[in-house]
Amino acid sequence: MQFVLDGKTITATPGQTILKAAEAAGVYIPRLCAYKDLIPHGSCRVCSVRVNGRIQAACVQTVSSGAIVEHDTEELREFRRDVIDLLFVEGNHYCMFCEKSGLCELQALAYRFGITAPKYPLLNPKRDIDMSHPDVYLDHNRCILCGRCVRVSQDLDHKNVFQFVNRGLEKRLQVNGEALAATDLRVTDEVVASCPVGALMKKRVGYAVPVGDRPFDAQPIGADIESGKGGVA
Amino acid sequence: MSAKPRIATVSLAGCFGCHMAILDIDERILRLADLVEFDRSPINDYKTFTGRCAVGLVEGGCCNEENVHVLEDFRRHCDVLISLGDCAINGGVPAMRNHVPLRECLEEAYLKSPGVYNPGGVIPNDPEIPLLLHRVYPCHEVVKIDYYIPGCPPPADAIWSAIVALLEGRPVELAYAGLKYD
Ligand code: SF4
Ligand code: SF4
Ligand code: FES
């Protein structure tokens with residue numbers, strides 16, 4: 001089956017998502033909530049593309065034969081930049097002392113989009129840090145509510161450690177117990193590695209790779225897909 | 001007054017790390033001294049402007065009323081104003097107090113924290129001390145900023161290439177390796 005992506009004809013298999021089909025053709029569509037091996041749920045909208053004129057999430061939208069897909073347009077780049085900007089100002093992102101710097105997908109997207117300053121006023125919300133667990137911590141300041149941990153814990157670890165509570169600006173991540181230490185989370189669970197930012201982190205391994213030598217210090221996120229070496233999601 | 005373009009720099013609510021990063025351009029500082037004249041700056045210790053400046057580099061955000069006055073003075077005197085570093089751009093480490101009410105911050109610093117000796121229980125309030133703002137603001141929430149060079153501190157090469165671009169009349173563009181938040 002074939003469809004057109006930014007004027008280029010791309011061959012895809014039926015049922016494949018636009019994101020995966022583009023990726024197989026060496027085109028990186030930015031994404032955040034999508035994660036390898038997970039059923040996508042299309043919540044962050046960073047992967048938005050226009051399909052036959054309508055905006056769709058490329059990670060959930062499957063390819064249809066002959067579809068006209070626009071991806072790398074100024075309109076969509078600006079839309080994605082805005083989503084990334086909002087994620088920064090809605091949380092407390094102190095990249096200068098964050099262990100995830102250089103490995104963080106949110107930061108890497110901001111680098112890729114050339115974001116030098118927040119476009120919207122900083123909200124500086126008051127958020128907590130859960131340090132109760134012996135091997136893992138959860139810093140809500142950096143949580144972008146992507147839902148990866150919710151899904152990875154359920155679908156891959158077959159536990160149910162994380163869930164969302166409340167709505168809108170009140171929405172936040174809740175753990176299945178008084179605090180992380182009271183859940184059945186183990187440091188070896190897949191979920192610990194799945195967080196795109198520095199919210200869910202292993203203790204005592206920070207800065208094992210020095211800042212400056214980390215993957216996104218060297219090359220932009222998505223460069224592996226664009227060079228044909230395959231990506232993370 | 002010399003015909004060279006003038007540069008001003010200042011550290012507001014910052015730690016002087018960004019000024020260290022300016023010095024980190026190494027021997028290029030000599031070329032810079034050939035290219036420009038330093039106006040108000042901790043580098044020459046001028047406390048006031050002596051004339052119109054082509055470029056103003058601002059380190060640090062605004063945490064008190066004096067920072068706001070100085071920043072407004074920079075905006076008045078500089079053709080191009082650059083927010084240099086994360087504190088100027090998003091408040092940086094000083095903005096960590098933005099999650100805590102100001103009164104609580106002052107009590108923690110002057111009354112409650114370990115090692116404090118303050119038998120009178122007085123929080124400093126001398127009129128000489130600039131009043132703290134209720135929160136720390138990034139510079140662009142106070143005046144118009146033309147360019148941003150993020151980083152804590154920004155890479156020296158990014159600072160150098162930005163200054164050279166402006167002196168040559170080109171817009172500031174950061175290479176991938178020059179765009180850093182850490
Ligand atoms: S999680 Fe990412 S964006 Fe947030 S502070 Fe850490 S490095 Fe920066
Ligand atoms: S903790 Fe991490 S994975 Fe979970 S919702 Fe927050 S940002 Fe996403
Ligand atoms: S909505 Fe597609 S990656 Fe998040």
note = When the charge dipole of the protein assembly as shown is computed with +1 at the Cβ of Lys and Arg and -1 at the Cβ of Asp and Glu, the Cα pointing farthest to the positive end, of B:11, A:137, A:161, is that of A:161
remark   = Rounded to the nearest 100 Å², the accessible area buried between B and A, both sides, probe 1.4 Å, is 2100
ask   = ³J(HN,Hα) across region B:47-54 via Karplus (A = 6.51, B = -1.76, C = 1.60, θ = phi - 60°), whole Hz, x for Gly/Pro?
value = 8, 10, 6, 10, x, 6, 10, 6
key: Accessible carbon and sulfur surface of chain B relative to its total accessible area, %, 1.4 Å   = 57
ask   = Under a 1.4 angstrom probe, counting protein chains only, how are B:72, B:107 ranked by accessible area, largest first?
value = B:72, B:107
task = List the residues of region A:94-142 whose accessible area drops by at least 30 Å² when all protein chains are present, compared with their chain alone, using a 1.4 Å probe and counting only protein heavy atoms.
result = A:94, A:96, A:97, A:111, A:116, A:117, A:118, A:122, A:124, A:126
ask   = Hey, got the dipole for region B:42-182? About the Cα centre, +1 on K and R Cβ, -1 on D and E Cβ, debye to the nearest 20?
value = 140
task = Starting from the Cα-Cα distance between residue A:188 and residue A:119, subtract it from 0.36 nm times their residue separation and give me the gain in nm to one decimal.
result = 21.0 nm
remark   = The size of the Cβ-based charge dipole (Lys, Arg +1; Asp, Glu -1) of the protein assembly as shown about the Cα centre, to the nearest 20 debye, is 900
query = Between residue B:48 and residue A:41, what is the label-to-label distance in nm when each label sits 7 Å out along the Cα-to-Cβ direction?
reply = 6.2
ask   = Nearest 20 debye, what's the magnitude of the dipole of region A:160-199 about its Cα centre given +1 on Lys and Arg Cβ and -1 on Asp and Glu Cβ?
value = 200
task = Roll a 1.4 Å probe over the protein chains and send me the accessible area per residue for region B:1-46 in Å².
result = 54
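The values are calculated or read from the model by the stated rules, or taken from the named source; none is laboratory data. From a predicted model like this one, the values you see are computed outputs, not experimental measurements. FYI the Cβ positions are ideal-geometry reconstructions off the backbone, even for glycines, and counts take in every protein chain you see. When the accessible area is computed, the model is the full protein with side chains, heavy atoms only, and any ligands, DNA or RNA have been set aside. Shrake-Rupley method; radii C 1.70, N 1.55, O 1.52, S 1.80 Å.
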